[in-house]
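J.: Before anything else, here's the structure in question.
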Amino acid sequence: MGELRYILGGPQGGGLETTSEVLSWSFAKSGYGILSDREYFSNIKGRHSYVHATVSGAENPFHLSYPVDLVGAMDAETVFTHFQEIDRGGYLIYNKDEDNAKYGSILSMEPELKTRLNEFFKANGIGGTLGELSTYLSERRQINVVALSYSSLLRALQQEASVIAAQASRYVSSILIGSIASLVGLESSSLAFGLKKRFRSGEILKHNMIFSEIIARQLQAFSYKRPSLGKSSLSRGKMVVASGNDFVAMAKLMGGVRFQSYYPITPAADESFTLEKYEKVGGDRGSIVVFQTEDEIAAVTSAIGASLTGTRSASATSGPGFDLMTEGLGWAGINETPILVTYYQRGGPSTGQPTRGGQSDLLSSVFASHGEFPRIVLSSGDHSEAFWDTVDALNYAEMFQTPVIHLVDKFLANSIASIPLPDVSKIEVRRGNLVKNGGDGYQRFDFTSSISPRAFIGDERMWYTGDEHNENGHIDEDSENRIKMMTKRMDKMNLIEESIPEERRHALYGDKDPEIVLLGWGFVKGVAIKALEQLRNEGIKASYFHIRTFVPFPKKSVESIFEDVGPENVVDVECNYEGQAGILVRLNTGHELRKHVVKFTGRPIYLSELVEAIRRVLSGSSKEVLNLGA
Amino acid sequence: MEPRELTAANYRTDVWNDWCPGCGNFGIVAAMYQALAEMKTDPAETVVISGIGCSGKTAHFVNTTGVHTLHGRPLPFAQGIKLSNPSLNVLVNAGDGDLLGIGLGHFVALGRRNIDLVVMMHDNTVYALTKGQAAPTLHRGEKPKALNEPNIQDSVNPIALAVTSGYTFVARSYSSRINHLKETIKQAVRHKGSAFIDILQPCVTFDDIHTYDYYNKRVYELKTDDWNPTVNDENEAQEKIMQAIAKSFELDDKIPLGVFYENTLIPTFEERLGEKLPGYLDGPPSREEIERYGKTIVDGDKFGEIFSQFIVEY
Ligand SMILES: Cc1ncc(C[n+]2csc(CCOP(=O)(O)OP(=O)(O)O)c2C)c(N)n1
Ligand code: SF4
Ligand SMILES: [Mg+2]
């Protein structure tokens, strides 16, 4: 098989997040690469959430696909929601105690899904209970149904591990961990490693270890052929296995962020939480202040204030919060103040789809705030890029003394991935044009250097103002001063153009002599690269053009793509309605994208649907709207 | 930097002051110059932070570091500056519109934190720089000259709001009692924690109600023999808060000036941070080394140690 794809579903708040972590660490310990995405509602308890993962022995995967090999269900709703996603010959783990459950009476299920199920059940002549569905799946869809009695498993746990009855129900999600580990033959030492990482020591760890043995024994009763991942061919060594939020937090700490301000918002807040866990790493000699403010206006303006004192500072937010930050960004722009905003994209507009993903904030990040000032906009395609882009973003902010916006999709932020340990000795910290002891003649906005001499508040006397100002930072509305100051600031855009090379702005994957080029950005990267492999197997020569910086834009490389394959053969692949990167391509190069594959359901683009869409584009379609995923 | 002996005049920049002749703001900066000179304040270690409005220009007129921020946002800017470098002396000059209108959320939030800085509110009852609309300090029924009709929104009581938000030094002064204001500023600077001064500031151009004459007739100074605003014991706090609130509603015929409330028993935010971050006070964010020869100071081994939670060895 080489690759295992699974979905684990259950009620929000039921322990799925833990399940995802434990399995990710365990698979990684056995040498497998993993990507484990989390899909959930804006809800704390009860609504359907699920984990969708790809485990691979051949690579660190960055794609998800349907159908899946296995669905593990904590509850009946999961089975009703995902049974159609299981491949023939795949597996379903579910609770047979619920065989009488009917989808019609599941309160948390959305009515549209019930209607679709009604049609399906009617067309296939099945009654509406879980038991009947299970029979249908094993008899007519050749699915290996692992029907377990969760209550008897929990009773066994109570007896063997002396867990009291009231607490046993907390271990339902552990049934999924144990069954998957046992089904795929995960080494027990790896499972123990994953469990220990999560629960450290003590009772809960012990119970989980005992429980996984109980489950393994139960599963011996099933005579199905086991799914096999085969041996991993990944090279041995250390891996980092973490979510995108965590990777950004790690990079901020490594890159020297010592002040991070934030106002809680999904899917950004986890980053600040992680950073706060490490606030004491400086020991007696230092600290990281993670400042929870009253709103995002205060978040961005306090981070700017910190930056004025020479602190590397940053904030993290998503759409609604970024909107509130825009006035502050302009202040940082006119005052040549370094600031990094990590912008986690979720589905908009307004509250939109607060826990779902998207790429619809690109234009907002490029154009936000009134007036004109230099900025840099970066976007990350995977966890490794998110780490290194954060490091670069911090350097760019200080080198060019201007705001940097770093776009990260929710898909990346909330999914756990494995990557080889980054070589942190390569982390550069470039602080730009700093001056000490400027003395009485010090002018913060000196005209003589293209990047202003930056002293820190506390070391020199200086002035700042959001009004147009003279070299001293005092208000000045003289026309000639305005022209000089504006030109000096905006000239930094030329400097940015010169300093950030074309190779840094994009990456190109796949066939060197393609007939078709997919153009995308952000988390589209992983699935697009994987799609190339599949297309090649079908005899289609394709490549993927990945945009990594929107300001500065990879203009020359995009132009040459259009020249090489012709505008008919460039396909825009994005998670938004308008094709926002396509709009920026046109703005920067004059080329119009004529083929679009877009998705705006809040779910990531999956391999199977992307390949299918490209096939359609090749046979003439100019726009494909994707909609896979529960 | 070795502080030179500076006179009040040295704290004045040579930027031409473009306030209307007779504006109450002149008295405020005069008192600031004197207070800064008397306290021998180091100009490079002192930061005057202002919002947007006539009052916002203050940052340019004082010869210390000045940060002229956004309308309503001087407080979060000031907090970022102070928290990343707690040894700085931070003074905020803001309009009543800045603090109690557009930036009210920040005003309350600062009180909850008790960060060690001084907030001076230029209380002129109007949005002066936008030509005299009603500020949140203007009472219902009043009609200063720029309004078409009398104000139909109620006013905010700045003193009561400050006290209940958690400010630990709350006072009122008046721009033409320069000596009183100067002394109040010095007290506020010396106070450890968030200090708020409501400064009555006649806007001679737009406010034809709250004129010098109006205030001169009404203001009186709270004398220490019959007024004690200081909390000496935690059990007294509530009583002193109630007393300050009651006093703050004396507004019609007699307007009290002086300290309404003072409490030095509440830990500052910096102390609260220092308690959870042992390195904070000695190595605050702005003073930390983050770079050596252009590289991060954290090496690979340290990275593995710090983030062991995320590391898996195969
Ligand atoms: C976000 C925003 N909205 C509106 C304005 C316009 N504006 C400039 S000054 C001001 C009011 C100033 O009033 P106040 O804060 O009381 O200061 P004063 O001029 O009275 O000293 C307003 C509304 C602005 N600068 N920014
Ligand atoms: S408008 Fe009022 S507050 Fe502004 S400078 Fe003139 S008098 Fe002073
Ligand atoms: Mg005002």
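J.: Build a GNM of chain B with springs between Cα atoms under 10 Å: which of B:Lys240, B:Lys276, B:Lys302 gets the top mean-square fluctuation?
T.: For chain B, modelled as a Gaussian network with Cα springs under 10 Å, the answer is B:Lys302.
J.: Which three lengths, in whole Å and largest first, does region A:504-625 cover when its Cα atoms are put on their principal axes?
T.: 34, 33, 26
J.: Ranked highest first by the average count of other Cβ atoms within 10 Å around their residues, in what order do A:543-553, A:226-236 fall? If you can, show how the numbers build up before the last one.
T.: On the way: A:543-553: 23.2, A:226-236: 14.3.
Per-residue mean Cβ counts within 10 Å order the peptides as A:543-553, A:226-236.
J.: At what distance in angstrom do the alpha carbon centres of region A:199-268 and region A:476-533 lie from each other?
T.: Region A:199-268 and region A:476-533 have Cα centres spaced 34 Å from each other.
J.: What's the ranking of A:372-378, A:301-307, A:400-406 by average number of surrounding C-beta atoms within 10 Å, highest first? Spell out each step's value before the answer.
T.: Numbers: A:372-378: 22.4, A:301-307: 32.7, A:400-406: 26.3.
Descending packing order for the listed peptides: A:301-307, A:400-406, A:372-378.
J.: Counting only other chains, what is the mean number of Cβ atoms within 10 angstrom of the Cβ of each residue in peptide A:251-258? Numbers along the way, then the final one.
T.: On the way: counts 1, 0, 6, 8, 4, 8, 2, 8.
Mean shielding count: 5.
J.: Further question on the same structure: GNM, chain B, Cα, under 10 Å: largest mean-square fluctuation among B:Gln79, B:Gln133, B:Gln238?
T.: B:Gln238
J.: Can you give the accessible area of A:Arg615, probe radius 1.4 Å, in Å² rounded to 10?
T.: A:Arg615 exposes around 90 Å² with every protein chain in place.
J.: Provide a list, ordered by number, of residues in region A:464-478 showing at least 30 Å² less accessible area with every protein chain present than when their chain is taken on its own, using a 1.4 Å probe.
T.: When all protein chains are present, A:Tyr464, A:His474, A:Ile475 each give up 30 Å² or more of accessible surface.
J.: What accessible area, summed over both chains, is buried at the A-B interface (1.4 Å probe, Å², nearest 100)? Provide the component values of the computation, followed by the final result.
T.: On the way: alone 25440 and 15990 Å², together 35200 Å².
What A and B bury together is about 6200 Å².
J.: Right, something else. Shielding by partners for A:50-58, please: the mean number of other protein chain Cβ atoms within 10 Å of each residue's Cβ.
T.: Values: counts 0, 0, 0, 0, 0, 0, 0, 0, 0.
For this peptide, the per-residue mean of nearby foreign Cβ atoms is 0.
J.: Here's another thing I want to ask about it. One quarter of the convex hull surface, Cα atoms only: what value does that give for region A:433-500 in nm²? Present the calculation step by step, with values, prior to reporting the outcome.
T.: Numbers: hull surface 19.7 nm².
The directionally averaged projection comes out at 4.9 nm².
J.: Give me a single rounded figure for B:83-96: the average over its residues of other chain Cβ atoms within 10 Å of their Cβ. Could you put the intermediate results ahead of the total?
T.: Numbers: counts 9, 18, 10, 1, 1, 3, 0, 2, 0, 0, 0, 0, 0, 0.
Other-chain Cβ atoms within 10 Å of each residue's Cβ, averaged: 3.
J.: If packing is taken as the mean number of other Cβ atoms within 10 Å per residue, what is the order of B:142-152, B:101-111, highest first? Spell out each step's value before the answer.
T.: Details: B:142-152: 13.2, B:101-111: 21.5.
Averaged packing, sorted descending, gives the order B:101-111, B:142-152.
J.: So which aspartates and glutamates can A:Lys277 reach, going by Cα to Cα under 12 Å and dropping same-chain residues fewer than 8 places off?
T.: Partners within reach: A:Asp246.
J.: Under 5 Å between amide hydrogens, which residues at least 5 positions from A:Gly72 or on another chain qualify, with H placed 1.01 Å from N in the peptide plane?
T.: A:Ile7, A:Leu8, A:Gly9, A:Ile93
J.: Hey, another quick one. Gap in Å between the Cα centre of region B:252-314 and the Cα centre of region A:443-466?
T.: Value for the Cα centre distance between the two parts: 25 Å.
J.: Please give the Cα centre distance for region A:567-629 versus region B:65-103, rounded to the nearest Å.
T.: Result: 46 Å between the Cα centres.
J.: Okay, next question. What's the carbon and sulfur percent of region B:190-242's accessible surface, probe 1.4 angstrom, rounded to a whole number? Display every interim value, and only then the final one.
T.: Numbers: 1390 of 2910 Å².
Answer for region B:190-242 is 48 percent, counting heavy atoms of protein chains only.
J.: Right, here's the next one. Take region A:359-462, drop everything but the C-alpha atoms, weight them equally and run the Debye formula without solvent; then report log10 I(q)/I(0) at 0.12, 0.15, 0.20 Å⁻¹ to two decimals.
T.: -0.57, -0.80, -1.07
J.: Something else: Could you compute the net charge surrounding A:Val558? Neighbours are other residues with a C-beta less than 13 Å from the C-beta of A:Val558; K and R count +1, D and E count -1.
T.: Values: positive: A:Arg505, A:Arg548, A:Lys555, A:Lys556, A:Arg586; negative: A:Glu502, A:Glu559, A:Glu563, A:Asp564, A:Asp572, A:Glu592.
Neighbourhood net charge equals -1.
J.: As a test, work out the antiparallel percent of DSSP beta bridges whose residues both lie in chain A, rounded to the nearest 5.
T.: Values: 34 of 90 bridges.
Antiparallel bridges make up about 40 percent of those DSSP assigns within chain A.
J.: Right, here's the next one. Nothing charged except the Cβ atoms of Lys and Arg (+1) and of Asp and Glu (-1): what's the magnitude of the dipole of chain A about its Cα centre? Round to the nearest 20 debye. Intermediate results must be reported in sequence, preceding the final value.
T.: Values: 66 positive and 77 negative charges, 430 e Å.
For chain A, the charge dipole is close to 2060 debye.
J.: Any lysines with Cα under 22 Å of the A:Lys45 Cα? List them, leaving off those in the same chain fewer than 8 positions away.
T.: Partners found: A:Lys102, A:Lys114, A:Lys410.
J.: Output ³J(HN,Hα) for region B:231-242: one whole-Hz value per residue in order, computed from phi by the Karplus curve 6.51 cos²θ - 1.76 cosθ + 1.60 with θ = phi - 60°, and x for Gly and Pro.
T.: Whole-Hz 3J(HN,Hα) from phi for region B:231-242: 8, 9, 8, 3, 5, 7, 3, 5, 4, 6, 5, 4.
J.: With all protein chains present, how much of the accessible area of region B:17-170 (probe radius 1.4 Å) comes from carbon and sulfur, to the nearest whole percent? Can you show the working numbers first?
T.: Details: 2250 of 4180 Å².
Percent of accessible area from carbon and sulfur atoms in region B:17-170: 54.
J.: Over 22 Å between Cα atoms: which of A:Lys252/A:Lys280; B:Lys217/B:Lys247; A:Lys484/A:Lys556; A:Lys231/A:Lys525; B:Lys143/B:Lys254 fall into that group? Provide the component values of the computation, followed by the final result.
T.: On the way: A:Lys252/A:Lys280 14 Å; B:Lys217/B:Lys247 18 Å; A:Lys484/A:Lys556 29 Å; A:Lys231/A:Lys525 26 Å; B:Lys143/B:Lys254 20 Å.
A:Lys484/A:Lys556; A:Lys231/A:Lys525, as the Cα separations exceed 22 Å there.
J.: Could you work out what % of the accessible surface of chain A is carbon and sulfur, using a 1.4 angstrom probe and leaving DNA, RNA and ligands out of the count?
T.: Values: 10840 of 22420 Å².
The C+S portion of the solvent-accessible surface of chain A is 48 percent.
J.: Hey, can you find the accessible area per residue of the protein assembly as shown for me, probe 1.4 Å, expressed in square angstrom? Can you show the working numbers first?
T.: Working: 35200 Å² over 944 residues.
On a per-residue basis, 37 Å².
J.: With a bin width of 5 angstrom, please list the P(r) values of region B:8-273 as percents of all Cα-Cα pairs, from the 0 bin to the one holding the largest distance.
T.: The calculated distribution, bin by bin, is 1, 6, 14, 19, 21, 18, 12, 6, 2, 0, 0.
J.: At a Förster radius of 30 Å, what calculated FRET efficiency corresponds to the Cβ-Cβ distance of A:Arg236 and A:Glu533, to the nearest 0.05? Could the numbers behind the result be given before it?
T.: Details: r = 24 Å, r/R0 = 0.81.
According to the calculation, E is roughly 0.80.
J.: Over the protein assembly as shown, consider all pairs of different Cα atoms and compute the Kirkwood hydrodynamic radius from their mean reciprocal separation; express it in Å, one decimal.
T.: On the way: mean 1/r = 0.0328 Å⁻¹.
30.5 Å is the Kirkwood radius here.
J.: Taking θ as phi - 60°, what are the ³J(HN,Hα) couplings along region A:538-555 by the Karplus curve (6.51, -1.76, 1.60), each to the nearest whole Hz, with x for Gly and Pro?
T.: Working through the residues one at a time gives 8, x, 9, 8, 10, 9, 10, 9, 9, 8, 10, 9, 9, 10, x, 8, x, 4 Hz.
The values are calculated or read from the model by the stated rules, or taken from the named source; none is laboratory data. Here the structure is a predicted model, which means the values were calculated and not measured. Here Cβ is always computed from backbone atoms with ideal geometry, including for glycine, and neighbour counts include all displayed protein chains. Surface areas here come from the heavy atoms of the whole protein model, side chains and all, with no ligands, DNA or RNA. Shrake-Rupley method; radii C 1.70, N 1.55, O 1.52, S 1.80 Å.
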